[in-house]
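Just below is one structure, and these are the notes that go with it.
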Amino acid sequence: VEFEKLIESKGITFSGTETANELIHEAVALRNSLMTEIQWSDLSLMLFDFYAKKPHIKNQKDQLELETIFETWKSKINEKENLSFFGKLYKREAHFFYSFLCQDYKKNIDYSYEIVKLFENEPEFILKEKERYVIGLSQFLNSLQLSYNQKTFKKYFKELEQFVKENEHTFREG
């Protein structure tokens, strides 16, 4: 879009104001989408940092601190914005971490499953982001184990084992 805007601003195409307005509209939409994606990424990272410091909520003070962080950041995000794969992933990860920290295991299963389904619905990202896919599957399996859902656990555990077996040579070492 920026390259097209550069060409248009040089008057090379002589296509008029309609093209200029379309390019401006596209650029604004792209900027808004990227901003939303960054905000979900920031919230996800902030919640992961909270988790690293306090793996679970232990008291009312921790709960209030977590809710304040989550609601304050979430309120700044335009949830109606169209998201790319990564924007969707960051959004699901943020909700996953929040539900995990709150020990809301029902929602935790739902959000970890949404991460797995996101990869399944866009399979080209499974190999591109295999570490994150494996982490998502592991989080889902952990959630299933905590809920004693053995049937679904076994199904996805086999899927994880098969994926690792087929791709272990492509994982980074260290």
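A short reminder: the numbers here are calculations on the coordinates, not readings from a lab. The model shown is predicted, which means the values in this text are computed figures rather than measured ones. Cβ coordinates were reconstructed from backbone atoms using ideal geometry, including for glycine residues, and neighbour counts include every protein chain displayed.
Counting only lysines at least 8 places from residue 117 when in the same chain, those with an alpha carbon closer than 20 Å to its own are 88, 91, 106, 107, 128, 130, 151, 154, 155, 158.
Between residue 74 and residue 138, the contour length at 0.36 nm per residue exceeds the alpha carbon distance by 20.5 nm. Full extension of the chain between residue 124 and residue 49 yields a length gain of 24.1 nm, computed as 0.36 nm times the residue separation minus the alpha carbon distance.
Residue separation of residue 104 and residue 158 scaled by 0.36 nm, minus their Cα-Cα distance, works out to 16.9 nm of gained length. Electrostatic bookkeeping for residue 136 treats Lys and Arg as +1 and Asp and Glu as -1; over the other residues with beta carbon under 14 Å from its beta carbon, the sum is -1. Taking Lys and Arg as +1 and Asp and Glu as -1, the other residues whose beta-carbon sits under 13 Å from that of residue 88 total -4.
Partners of residue 80 within straight-line reach, counting aspartates and glutamates whose Cα lies under 17 Å from its Cα and excluding those fewer than 8 residues away in the same chain: 26, 37, 71. Compute the angle between helix 150-167 and the longest alpha-carbon principal axis of the chain, please, reported from 0 to 90 degrees and rounded to the nearest 10. So the helix axis and the longest Cα principal axis differ by about 60 degrees.
Axis angle, to the nearest 10 degrees, between helix 85-101 and the longest C-alpha principal axis of the chain: 30 degrees.
The structure-derived value of mean projected area of the Cα convex hull in nm² appears in the list [x] 9.3; [y] 17.7; [z] 13.8 under the label [z]. Angle of helix 130-146 to the longest C-alpha principal axis of the chain, folded into 0 to 90 degrees and rounded to 10: 40°.
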